1. For Cα pairs less than 8 Å apart in space and 6+ apart in sequence, what is the mean separation divided by the residue count of the chain, i.e. the relative contact order in percent?
2. For the stretch 214-289, what does the alpha-carbon gyration tensor say about shape, rounded, prolate or oblate, given a ≥ b ≥ c as the root eigenvalues, a/c under 1.5 as rounded, and a/b over b/c as prolate?
3. At 1.4 Å probe size, what's the solvent-accessible area of Met376? Round to the nearest 10 Å².
4. In the stretch 241-350, what GluC sites (Glu not before Pro) fall in a loop by DSSP, with at most 12 other Cβ atoms inside 10 Å?
5. Per residue of the chain, what 222 nm ellipticity follows from adding -39500 (n - 2.57) for every DSSP H run with n ≥ 4, rounded to the nearest 500?
6. Are there any GluC sites (Glu not before Pro) in the stretch 101-159 that are in a DSSP loop and have at most 12 other Cβ atoms within 10 Å? List them by number.
7. From the Cα gyration tensor of the chain, with a ≥ b ≥ c the square roots of its eigenvalues, which class applies: rounded if a/c is under 1.5, or else prolate if a/b is larger than b/c, or else oblate?
8. Please state the shape class of the stretch 89-218: rounded when a/c is under 1.5, otherwise prolate if a/b exceeds b/c and oblate if not, all from the C-alpha gyration tensor.
Amino acid sequence: MRKARLWNVFMASASAISLAACSGPGTNETTTTPETTTAAETTTAAAETTEEAKEAEGPVTYDAKGSGYGGELNLKVTIDGDTITDLELGEHHETNVVMDRAFPVIRQRILDSNTPVVDSVTAATFSSYAVKAAVADAMTQAGLEVEDITMATAGPAKEAKTLDDVTADIVVVGGGPSGLAAAITAKQTNKDLNVIVIEKMDILSGNGKFDMNFYDLINSQAQKEAGNEKWTVDQVENFIEAKSTAGDSEERVKVWAEQENVLDAWLRDMGVNLDYNYGAMNHMAKEDQYAGEVIQAGMEECAKDLGIEIRTGTKGVDLIMEEGRCVGVNVENNAKESYAIKAQHTIIATGGFCSSKELLKEYAPGYEVFNTSNQMGTTGDFVKVFEENGFKMEHMDNVRLFPNIIVPRRDLTGGADLSILVNKEGSRFISENAGGLELGNAIQAQTDGAVFSITDKTGYDSFYRIRKHVGLGYYSQGETLDQPGRGIGHRRRRS
Ligand SMILES: Cc1cc2nc3c(=O)[nH]c(=O)nc-3n(C[C@H](O)[C@H](O)[C@H](O)COP(=O)(O)OP(=O)(O)OC[C@H]3O[C@@H](n4cnc5c(N)ncnc54)[C@H](O)[C@@H]3O)c2cc1C
């Protein structure tokens, strides 16, 4: 009897496309359109319940649906008469680290205005759209009038206003990992300091909340506990050597090498335990939990506990300079209010500029052709401000490019111990050992600038990221080589 050989092949969904992953926002927010579920489309389905609902006294909870970045989103919407009194999130396929932060914001906006016709949460526009469409669906079921919800639906236009100056000891511009870490450290050093963090998006944590699956540490507690001697005690020199070719300055690599154990302890003090050490220096929170998600959640909690004032939806637009010294920052918020935050110290932690094609073209030519995995806030807002004020800027052309991003999502993929890349014609086109710009450009040159990443059970077992992406349905799976290809071919693509 012939034994069937199980291949277990996994193929990245619409697959890999080249992208620059410096530190910044994701452009995919503006490149795909989810299927529209408008209130009008749901009217027929809802008709049966409408009369019943109209007659009901007191609050009624409706099961409503919207369509977001990841597909169908379910929402329980409670309506009392003509008032929306509660929204409860049900099953959805949005990116959790985004939805966890965005849902409370959009929920509050809808409850406060008693309508889904409100501004979307920046950095979560598709998810916001899904929630708004679901509320409109529920209102239709309740026999209430509501306008069609589209991606462009927004709250009433605001009038520009100028507010009085605000003062602080320290103002931090940017609520990503760097900004939060700076604010927390300042407050831990002196709890009496008045520290304000402004973040232009409506949610915090910049790129940090996304695919930060690993965190490079040496002399960490996890390494010591795992008996990972290669990188423990007095291995600073090894680390410096390993990192010296990565493009960082010698000074930064040295601080990195010497202070990592301090950082590990600092994170542990705030309840962030990077307990899973793999591949010498890499750390995750757990075997199946990315480091970034846990670090960012921990820092946001810690910032709140320390009483750091966080102003989201507030963009730093310019430095306030007096006699060559920076004395604060001019800001504008999403209510169109402008004001100055005057401070003893101003920290700019606005990340990179990979979401600005213009800046890439100017400072790192060649990279502007790629999609970015960065979140949408990374537009280098202060680059020109620094230039105008004669500030020194270094390493502006040092862009880190991860060539594999799953389209139409923004997630980096690959990294399995065994994987191949094939183009849409089914041919390999480059050695998989290639990386960076070389691989990015090669992918870009293939049909539609997209290729497929194929791995097998060995690759699947070798790296949590692949297992996570398979679990999320980003990969098509089969037991023979042609099965996953068919799965992808039949998958509906959003345009
Ligand atoms: C896809 C991806 C995967 C990654 N994976 C890893 C990993 O596995 N391990 C790892 O160590 N690192 C990883 N990184 C890198 C890591 O995410 C970044 O180094 C880190 O996020 C940089 O932090 P930051 O605070 O400097 O910048 P950011 O995270 O970019 O945060 C900057 C913040 O400033 C805000 N901002 C910008 N302009 C303004 C303005 N004018 N006013 C107010 N706010 C503003 C932005 O909206 C943003 O919230 C990854 C990055 C990406 C994109």
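The values are calculated or read from the model by the stated rules, or taken from the named source; none is laboratory data. Owing to the predicted nature of the structure, the values given are computational and were not obtained by experimental measurement. FYI the Cβ positions are ideal-geometry reconstructions off the backbone, even for glycines, and counts take in every protein chain you see. Accessible surface is based on the protein model in full, side chains and every heavy atom, while ligands, DNA and RNA are left aside. Shrake-Rupley method; radii C 1.70, N 1.55, O 1.52, S 1.80 Å.
1. 25 percent
2. Here the stretch 214-289 falls in the prolate category.
3. Approximately 60 Å² of Met376 is accessible to the 1.4 Å probe.
4. Sparse-neighbourhood loop GluC sites (Glu not before Pro): Glu287, Glu323.
5. The helix contribution divided over the chain gives -10000 deg cm²/dmol.
6. Taking the stretch 101-159 and a limit of 12 other Cβ atoms within 10 Å, the loop GluC sites (Glu not before Pro) found are Glu145, Glu159.
7. oblate
8. It is oblate, given that a/c is not under 1.5 and a/b is not larger than b/c.
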